[in-house]
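Okay, so here's the structure we're looking at.
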Amino acid sequence: MKLKIYAVTGLAFLILNQIFLLQGTEFIQTQQPIDYAHWLLLLGVLLSLSFNYIFSDGIFNNTATVLTSIGIIALTGQAVIDFLWWSYGTDYDGMNNLINQIMSRPSIRIPFITIGPALFYLGLAIHAGKFIRRQTLFSLVTILGVLITGLGSFVFDNNRYIVILGHIVLSLGIIGLLFKKDTMNNKSIELEKQ
């Protein structure tokens, strides 16, 4: 149960992170005394590592856990980059120079800004896909949340409202899987006792 609490807390932190980002660059850059938005991102993805233990037998024993773990590493790197960005405060010229430097380096941009973080969501969708026969509704809701998040991030030019909606839908699906899985396990234990 402790892992499920960590996982749900991680999802809540990721939603809060997106809500903070919705407030705009000036809000993010003037947070004090720390960068709350990106601490929520960092803590949210680290707590989301719990999904690998909840939905699998180990951290690296299947495709979903590997992709989720690589995505967590990438989002951790992204959070570090975001902390550097935040450290510029309202020095927007300095921030733009940093962004241009990062975006001009495929060895940083691809693993930490574009493809790497997407692997986190792909891993969660694959985890959910494992339950498609037994928990069709919650599996599809989770996968839909991942698709909405991806559309908001890439197709609709990082539309934060769509990304937040995607995170909420994704979270509802995963929470449904977490607790439906728990009730299914309890029912099978009860049947075994009879």
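Here are some notes:
- Those residues of the range 15-25 which are out of contact with any Lys or Arg (no Cβ under 8 Å at 6 or more places or on another chain) and assigned to a helix (DSSP H, G or I), in sequence order: 15, 16, 17, 19, 20, 25
- Checking 64, 12, 79 one by one, the residue that is out of contact with any strand residue (DSSP E or B) (no Cβ under 8 Å at 6 or more places or on another chain), under 18 Å from residue 158 (Cα atoms) and part of a helix (DSSP H, G or I) is 79 and no other.
- Residue, surrounded by the most Cβ atoms within 10 Å (Cβ to Cβ), within the range 60-82, restricted to residues that are hydrophobic (A, V, I, L, M, F, W, C) and over 13 Å from residue 121 (Cα atoms): 79
- Qualifying residue in the range 83-105 (condition: farther than 17 Å from residue 16 by Cα, crowded, with 16+ Cβ neighbours inside 10 Å and touching a residue at least 60 places away in the same chain (Cβ under 8 Å)): yes
- Candidate set: the range 132-161, residues that are buried (at least 19 other Cβ atoms within 10 Å of the Cβ) and not polar (S, T, N, Q); chosen: the one nearest to residue 82 (Cα to Cα): 152
- Here residue 28 clears all of (1) without any contact (Cβ under 8 Å) to a residue 24 or more places away in the chain; (2) of a type in the set (Val, Ile, Thr); (3) part of a helix (DSSP H, G or I) except the condition numbered (1).
- Every listed requirement among (1) part of a loop (DSSP other than H, G, I, E, B); (2) farther than 24 Å from residue 22 by Cα; (3) not small (Gly, Ala, Ser) is met by residue 158 save one, (2).
- Residue tally, condition under 12 Å from the mean Cα position of the chain (by Cα) and under 19 Å from residue 112 (Cα atoms), over the range 33-58: 10
- Checklist (1) crowded, with 20+ Cβ neighbours inside 10 Å; (2) in contact (Cβ under 8 Å) with a residue 24 or more places away in the chain; (3) of a type in the set (A, V, I, L, M, F, W, C) applied to residue 175, failing item: (1)
- Complete set of residues in the range 15-38 that are exposed (fewer than 12 other Cβ atoms within 10 Å of the Cβ) and under 19 Å from residue 152 (Cα atoms): 24
- Output for the range 34-53, where each listed residue is more than 15 Å from residue 79 (Cα to Cα) and part of a helix (DSSP H, G or I): 50, 51, 52, 53
Laboratory data are not the source of any read-out in this text; all were calculated from the coordinates shown. These numbers were taken from a predicted model, which means no experiment stands behind them. All Cβ positions, even for glycine, are placed from backbone atoms using ideal geometry, and neighbour counts span all protein chains on display.
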